[in-house]
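What follows draws every value from the coordinates through simple rules; no lab data is involved. Given the structure is predicted, the values throughout are model-derived calculations rather than measurements. FYI the Cβ positions are ideal-geometry reconstructions off the backbone, even for glycines, and counts take in every protein chain you see.
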Amino acid sequence: MHTTLKTATPVDLLPEDIPRLPTVTVAELEVHAADLDSERAAAIYRKHGALIIRGLYKSTMAGVRRDIERAAAQAISLIPQAKKCNEGWLTPDGTLLLPAPPHYHREQQLMVLQCDYKTSANIFRAAVDDTMCDLAAALIGPDVELFMDGQVLYKEPVGGHPKHLHQDSAYFEHRLEGPLAALTYVVDTDLTNGALHVIPGSHRCGVIPHVDTFSHLGLPADIWPWERAVPICGQAGDAILFHVHTIHGSKENFSTAPRPVFINRYRDAADYVVVGATSTAARKEAESQEARKAVERSRNQQRGLMVRGYRGYMG
């Protein structure tokens, strides 16, 4: 039986309500892949908007890590050819760069590697993993597609960029429920090298207004400080699932080694982006009536690969 998580509209939880929620520990968010109880896992996700599956991809991490490090070396070699763009700089292979912190050994740092389903068979195999896809279908519905082509976020050593607390829905707001994200640690990750932080229960807030930060859209730090979030340390192969409205982020990488993660996203095959942006100005433009009409006309161009069920004709 498939159970779809529904987020109340209008929002049924305001930012000021978050401190009143019961304190949630990491133990309350986690299950283990070796003895996965899918009903319990789904219940945790529905309640908190986040779920940790320990060891889900442990056996495949060597290949994924090899592909990511190969992509990182390639991107670094192409930095001298990078061109400025709205979000930072793009290397010729499509890797996104951000400004590096002061006193770094170069001006730019890697942020989003060009390493996805079209370049890495190992990451694609993780995306179509049976355990993950079955759980996605239980949470989203029977007809599930991949949203985007996979994403690798890369924090370089000794000062790798932070990503301020934010919601993914600020970047890609959907017509229906929106995508479920599965972020996987490629290396052992702790508070030193940039563990993911989440705010359990924040998925019930709907889309919250964001502000511009050096790492694109983020939430105001005076309203959403790091202290509100639960840090999730883990080992290579641990996967963290979170709702498109769940507030999350990660701090700097202070270690001497890179901290990569990869993200696979799953959504209802009938869903589509209605507002897409990486800045407040772009969001304002995308929220206009004309922009929304254009999205409606082009929604069939957003289709991703089906991993469960069947996509019927939508007209």
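Hand me the list of strands (runs of 3 or more DSSP E) wholly inside segment 66-182 holding 3 or more residues that are buried (at least 17 other Cβ atoms within 10 Å of the Cβ).
It comes to 88-90, 96-99, 108-113, 144-146, 151-155, 163-166, 172-174.
Working only within segment 192-235, note down all residues that are within 29 Å of Ala257 (Cα to Cα), within 17 Å of the chain's Cα centre (by Cα) and among the β-branched types (Val, Ile, Thr).
Hits for segment 192-235 are Val198, Ile199, Val230, Ile232.
Can you run down the residue pairs with Cβ atoms below 9 Å, 6 or more apart or on separate chains, where the first is in segment 113-134 and on the phi < 0 side of the Ramachandran plot and the partner is hydroxyl-bearing (Ser, Thr, Tyr) and surrounded by fewer than 19 Cβ atoms within 10 Å (Cβ to Cβ)?
These pairs meet every condition: Asn122/Thr60; Arg125/Thr60; Ala126/Thr60; Asp129/Thr60; Thr131/Ser38; Asp134/Ser38.
Take the residues in segment 251-290 that are of a type in the set (Asp, Glu) and touching a helix residue (DSSP H, G or I) at 6+ places or on another chain (Cβ under 9 Å), then tell me which one is surrounded by the fewest Cβ atoms within 10 Å (Cβ to Cβ).
To start, the set of residues in segment 251-290 that are of a type in the set (Asp, Glu) comprises 252, 268, 271, 285, 287, 290.
Subsequent filtering for residues that are touching a helix residue (DSSP H, G or I) at 6+ places or on another chain (Cβ under 9 Å) retains 268, 271, 285.
On the way: Asp268: 23, Asp271: 23, Glu285: 13.
That would be Glu285.
Looking only at residues in segment 268-315 that are of a type in the set (Asp, Glu) and assigned to a loop (DSSP other than H, G, I, E, B), which one is nearest to Ala170 (Cα to Cα)?
Once the filter is applied, the top-ranked residue is Glu287.
Under 7 Å between Cβ atoms, which residue pairs at least 6 apart in sequence (or on different chains) link something in segment 200-221 that is within 15 Å of Val244 (Cα to Cα) with a partner that is charged (D, E, K, R) and surrounded by 19 or more Cβ atoms within 10 Å (Cβ to Cβ)?
Qualifying pairs under 7 Å: Val207/Glu173.
Restricting to segment 120-165, name every residue that is over 16 Å from Thr60 (Cα atoms) and polar (S, T, N, Q).
Across segment 120-165, the qualifying residue is only Gln151.
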